[in-house]
Structures are given as C-alpha cells and as structure tokens.
Amino acid sequence: MHPLLLLLISMLMSCDQDYQVVVKEPEVIYEEIEVPVYIEVEVPVGTPTEDVEIWVDSFVQVNAVDGVDIVWVIDTSGSMNTYQTKLLAGIELMMNALPDTGWRLVMISTDPDEATAEQQFPLVPGDSIHDAEDMYDAMNRGPNEKGFDSIYEYIESNPYAATWMRNDAALLVVFVSDEDDQSDIMSSSTDFISWYSGRRFGNVFLASIVMLADDISACEGPGSGSQVGLEYINATSLLFGTIVDICSDDWSPGVSDATTQIEPYESIVLSNTPVPETIRVFVSQSLYNDWYYDQNTNTVHFIVTPSGGALVEVGYVVDTST
C-alpha cells in the first residue's frame, strides 16, 4: 500500500440533533429529528480516523504491452544450494501461469562477470520444466552477490541479451538471494531504481525472493552467511512489486503475484470488509463510476478497465460489525 492521500466522501447516517419549529397556539414545541450528515475526510492511505475506520486500496494500472521479458537473477553462491528445489518449483509455477504466447524467460547469476558472458536462449511458451532445469544446470555461476550490477551488465553490456530482449515488451526481474545486494555500480536501491525505471518506457516490474527480518521471516534463525535482503526489499517496494520470504515453505503465492502484476487489473480484492454504500473509486484522482462490488468475494470489478498508468484508488468505510 503506498502512502497517498485520498479525499473520500463517506455517506454516513448518524443521529444528530437539529430542531424544527412547529407553531401551535399558544405554545412552541421543539421536535428532535434525524438528519443525514455528509462528512468530507482527508486521510492517509490505510490510516483509520478516530471516529470511523476509512481504508484505501490502490494500484497503478499496468500499461498494455506486447509480451514480457523475464529475467531471474539468481544467487549462485554455495549457501543457495538448499533452495534449489523451491527455486525450480517457483520457475515452473511462473511458466505455467504465464499467457500461452508472448513471454521469454532467462536465468542469470548475481555475479556480474558471469551474467555478462551468459549466452543461453530464453525459455518460451511450449518449453517445459525440464527445459528450465537444463537452463539452470547450464547457467554461468560465480560467487558474487551483486544482483543490481548483474542485471545492469546483462542488459547494457551483454551482446547476446540484445538478440532476444524486446524494447516493446514489459520487463520483469526476479531477484533470488539469501544475502543482501553488494553491488558496486548500482550501490543502492535508489541508484538501481533510477536506472531500471527508465527501461521499456516504464513498463518494468520487480519481485524479490529474499530473507526477511527475523520477526516476520519463516527462518528459525539467520543461516550461515545469510542476511536480510534490505536493498532488494527497498527496490522492490519502490516499484510496488512482490516480496517473498525465501525461507517460506511455499513460494507459490508470491510467484503468482509476481506473474499477475504484469497483467492489467480488471478487479481488485479489498483488504477489509467495507460498508458497501460508502465505496468510492477514483481513477487519476477523478471519481470513477464504471464498477460494481461483489459482496461474496469482497471484490470491486471494473466494467471499463482503467487505462494504463492511471492511479486507481478504492476508498471505503470499514465494516467493524463483522
């Protein structure tokens, strides 16, 4: 959830005292009546107010693109051997979840020297997990954990990459590492995002499968040589991408999220149960009416899909009675 402000107009019925004068000779009687109160509230995204809890779910609509190029940037140091089974399962899941046409997928090492020399043709629709296993077994390997520098060098300095990567396709990069980034050229997440966000006319996406902080990670404790992937997490958060705990038993939910983020949103599942009549949808800060709410699935569906690049915000009063 990104920190934006939304002007949410909530129609709330409350008992408020007002007075109506009824004249009857020779006395005046004051009657208490109920009147609707319209409240305008400006609130930070995801922050409850004192009186009512108002929530805003939001996303930036994906631009229409001609296919997607996918690069898994994989830590090939020795400590990563324990994750090989989950890694291949995650790649298989992504391959199965992608459209029948239009995608290409490669794997490169987090070692920039090895990434620059990588010359494997990408996996394409119709390839199987066995083809993915063959690519993984054949990929160049090195000890360096410099994911940012590795994808930078692969795109900017590897002549073979230019033979298959497409300027008119979206780009999805998936970092997989049990350590934080240690790049030299892209020395911080902001440096990396400054470069990466300018690729493909902004049609770029990120996912990171890394070690999370101890209090939220599934790891029982830091492994030998392992550390929280703060730079990867920061970069992925800046692009509202998907972050997966490398120690979780199943990467499937995160990999699925990473796959679907390249497809335009036709609906959004709300984070909380709303008071239905308070739902308001804004597209690029303008009130939007081409939608309907499905209470059974707690989902707002768009009758007309918002255009690419638009900020879509769904605000509502949370139903605290359930």
Matching residues in the range 184-213 - criterion: being more than 21 Å from Asp245 (Cα to Cα) and in contact with a Phe, Trp or Tyr (Cβ under 7 Å, 6 or more places away or on another chain): Ile185, Met186, Phe192, Trp195, Val204
Matching residues in the range 98-143 - criterion: being farther than 18 Å from Thr163 by Cα and assigned to a strand (DSSP E or B): Ser109
Any strands (runs of 3 or more DSSP E) falling wholly within the range 157-275 and containing at least 2 residues that are under 21 Å from Gly78 (Cα atoms): 170-176, 204-210, 242-245
Residues that are in contact (Cβ under 8 Å) with a residue 40 or more places away in the chain and either closer than 17 Å to Met80 by Cα or crowded, with 17+ Cβ neighbours inside 10 Å (or both), drawn from the range 118-139: Glu118, Pro122, Ala132, Glu133, Tyr136, Met139
Among (1) of a type in the set (Asp, Glu); (2) under 20 Å from Thr260 (Cβ atoms); (3) over 26 Å from the mean Cα position of the chain (by Cα) - the single one Asp113 does not satisfy: (2)
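Which residue is surrounded by the most Cβ atoms within 10 Å (Cβ to Cβ), if the candidates are limited to the range 307-322 and must be at pLDDT 90 or above and not charged (D, E, K, R)? First the steps, then the outcome.
Within the range 307-322, the first condition is being at pLDDT 90 or above, and the residues that meet it are 311-319.
If we keep only those that are not charged (D, E, K, R) too, we end up with 311-312, 314-318.
Working: Leu311: 16, Val312: 22, Val314: 23, Gly315: 23, Tyr316: 26, Val317: 24, Val318: 18.
If we take residues in the range 307-322 being at pLDDT 90 or above and not charged (D, E, K, R), then Tyr316 is surrounded by the most Cβ atoms within 10 Å (Cβ to Cβ).
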Test set (1) within 20 Å of the chain's Cα centre (by Cα); (2) surrounded by fewer than 19 Cβ atoms within 10 Å (Cβ to Cβ) - Thr297 fails condition number: (1)
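Could you pull out the residue among Ser271, Ser237, Ser284 that is touching a Leu at 6+ places or on another chain (Cβ under 8 Å), under 22 Å from Gly315 (Cα atoms) and modelled with pLDDT of 90 or more?
Values: Ser271 fails: touching a Leu at 6+ places or on another chain (Cβ under 8 Å); Ser237 fails: touching a Leu at 6+ places or on another chain (Cβ under 8 Å).
It is Ser284.
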Where Phe175 falls short, out of the listed (1) of a type outside the set (Asp, Glu); (2) within 19 Å of the chain's Cα centre (by Cα); (3) surrounded by 16 or more Cβ atoms within 10 Å (Cβ to Cβ); (4) more than 17 Å from Thr110 (Cα to Cα): (4)
Residue ID - nearest to Ala169 (Cα to Cα), chosen from residues in the range 52-78 that are polar (S, T, N, Q) and at pLDDT 85 or above: Ser58
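Being of a type in the set (Gly, Ala, Ser) and modelled with pLDDT of 95 or more is the filter; apply it to the range 189-199 and report the residue that is farthest from Glu156 (Cα to Cα). Spell out the reasoning first.
Of all residues in the range 189-199, those of a type in the set (Gly, Ala, Ser) come to 189, 194, 197-198.
Adding the requirement that they be modelled with pLDDT of 95 or more leaves 189, 194.
Numbers: Ser189: 18, Ser194: 15 Å.
Top of the filtered list is Ser189.
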Filter result for the condition that a residue is surrounded by fewer than 21 Cβ atoms within 10 Å (Cβ to Cβ), hydroxyl-bearing (Ser, Thr, Tyr) and within 18 Å of the chain's Cα centre (by Cα), over Thr163, Thr190: Thr190
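Take the conditions free of Cβ contacts under 8 Å to residues at least 12 places away in the same chain, surrounded by 13 or more Cβ atoms within 10 Å (Cβ to Cβ) and out of contact with any Lys or Arg (no Cβ under 7 Å at 6 or more places or on another chain) and apply them to Ser267. Does it pass?
Taking the combined requirement at face value, the residue does not satisfy it.
The values are calculated or read from the model by the stated rules, or taken from the named source; none is laboratory data. Predicted model, so just to flag it, every value in this text is computed and none were measured. Backbone-built Cβ (ideal geometry, glycine too); neighbour counts: all protein chains shown.
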